[in-house]
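Here the structure is laid out as structure tokens; the discussion comes afterwards.
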Amino acid sequence: CCSYRLRDALHPLWQSPLTIPGGTRQSPINIQWRDSVYDPFLKPLKISYDPTTCLHIWNNGYSFLVEFDDSADRSIIVGGPLENQYRLKQFHFHWGAVNDWGSEHTVDCKFYPAELHLVHWNAVEYPSFEEAVMEGNGLAVIGVFLKLGARHEGLQTLVDALPAVRHKDTVIEFDVFDPSCLLPSCPDYWTYAGSLTTPPLTESVTWIIKKRPIEVDEDQLEAFRTLLFSSHGEEERRMVDNFRPLQPLMDRTVRSSFR
Ligand SMILES: NS(=O)(=O)c1ccc(Cc2ccc([N+](=O)[O-])cc2)cc1
Ligand SMILES: [Zn+2]
């Protein structure tokens with residue numbers, strides 16, 4: 001059901017501890033539910049976000065990001081598959097031009113219209129996000145699927161701010177937001193070792209993909225599609241289909257926190 005580009009020939013640097021593009025643990029992947037392995041030793045994921053650590057929303061020309069003050073352990077996740085606690089740095093979304101696709105990960109080859117990524121970094125072992133990005137256990141990203149359904153009131157405060165960041169490199173202050181309102185209530189998740197899905201594509205991400213999607217309505221998805229890849233003054237290019245193609249699973253197992 002899933003086709004992806006042929007893998008490149010093996011590269012002499014392959015044995016390097018952190019293979020980059022063309023590597024062995026690239027993301028996103030298709031999660032074949034029946035091939036995932038229940039791991040009874042996986043702990044519940046503990047999430048504690050401080051809404052006042054929210055800083056701003058900006059359009060970086062690839063998605064829109066909500067960034068957080070990560071100068072202290074105020075918005076963190078711990079438990080789940082993680083050995084340490086990780087600090088929230090930002091969250092962003094990936095979406096399609098139409099509702100038939102848009103997510104980066106798929107479940108049994110099913111695309112969702114959008115996917116939320118909450119990006120955290122291992123501040124216990126590394127001094128900065130930029131350094132953590134280069135380490136195998138540097139990042140933890142929670143993925144949440146968005147499906148078409150009821151209007152999401154928590155998301156609406158974000159949607160209302162999007163016209164102010166329509167163009168690439170525009171930013172607005174956004175000083176109180178609790179991203180836990182964007183998480184489904186069901187605790188179940190899959191987890192696997194992967195990579196960033198945009199450059200630098202480094203293989204530094206422990207992915208935690210929530211089994212249950214959240215519901216958003218058509219107007220909210222359409223609001224994402226009013227954003228632009230282009231800057232002020234450039235020819236307008238609608239920000240849609242900002243997701244990476246599926247990557248080969250290779251020698252990886254996806255574990256589930258649920259039977
Ligand atoms: N889509 S995703 O894999 O969750 C993802 C998460 C974070 C980022 C942001 C980013 C990650 C790394 C760098 N860097 O090292 O220059 C710059 C930006 C990019 C992509
Ligand atoms: Zn992402």
Here the percent of antiparallel bridges among DSSP beta bridges lying wholly in the range 117-259, to the nearest 5, is 65 percent
With the cut-off at 1.5 for a/c, could you classify the range 210-259 from its C-alpha gyration tensor as rounded, prolate or oblate?
oblate
Count neighbours as other Cβ atoms within 10 Å of each site's Cβ, and list the trypsin sites (Lys or Arg not before Pro) in the range 28-104 that are DSSP loop with at most 16 such neighbours.
Arg74
Rank these by accessible area, largest first, 1.4 Å probe: Phe145, Phe229.
Phe229, Phe145
Going by amide H atoms built from the backbone, whose H comes under 5 Å of the H on Leu227, apart from near neighbours?
Met239
Which sequence of Cys54, Cys186 reflects their accessible areas, 1.4 Å probe, from the largest down?
Cys186, Cys54
Compute the FRET efficiency between Cys109 and Asp69 as 1/(1 + (r/R0)^6), taking r as their Cβ-Cβ distance and R0 = 35 Å, and round to the nearest 0.05.
0.35
Does the range 153-257 come out rounded, prolate or oblate, given a ≥ b ≥ c as the square roots of the eigenvalues of its C-alpha gyration tensor, rounded meaning a/c under 1.5 and, failing that, prolate meaning a/b above b/c?
oblate
Would the range 129-168 count as rounded, prolate or oblate if I go by the C-alpha gyration tensor, calling it rounded below 1.5 in a/c and otherwise prolate when a/b exceeds b/c, oblate otherwise?
oblate
Considering only protein heavy atoms and a 1.4 Å probe, what is the carbon-and-sulfur percentage of the accessible area of the chain?
54 percent
Please list, in chain and number order, the residues 5+ apart from Thr106 or on another chain whose amide H is under 5 Å from its amide H, with Hs placed from the backbone.
Ile29, Asn30, Ile31
Rounded to one decimal in nm, the spacing of the 7 Å Cα→Cβ label points at Asp217 and Val98 is 2.3 nm
For the chain, what does -39500 (n - 2.57) per DSSP helix run (n ≥ 4), summed and divided by total residues, give at 222 nm, in deg cm²/dmol to the nearest 500?
-1500 deg cm²/dmol
Length released on extending from Tyr62 to Ser48, taking residue separation times 0.36 nm less the Cα-Cα span
2.3 nm
Principal axis box of the chain, alpha-carbon based, largest edge first, Å:
45, 39, 36
Amide hydrogen neighbours beyond the local backbone of Lys89, cut-off 5 Å, H modeled
Val119, His120, Trp121
Lys, Arg +1 and Asp, Glu -1 on Cβ, resulting dipole of the range 46-91 about Cα centre, debye, nearest 20
80 debye
So if I place +1 on the C-beta of Lys and Arg and -1 on the C-beta of Asp and Glu, and nothing else carries charge, what would the dipole magnitude of the chain be about its Cα centre? I want it in debye, nearest 20.
940 debye
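The values are calculated or read from the model by the stated rules, or taken from the named source; none is laboratory data. This one's a predicted model, so the numbers in the text were calculated from it and none came from an experiment. We place every Cβ from the backbone using ideal geometry, glycine too, and count neighbours over all the protein chains shown. Accessible surface is based on the protein model in full, side chains and every heavy atom, while ligands, DNA and RNA are left aside. Shrake-Rupley method; radii C 1.70, N 1.55, O 1.52, S 1.80 Å.
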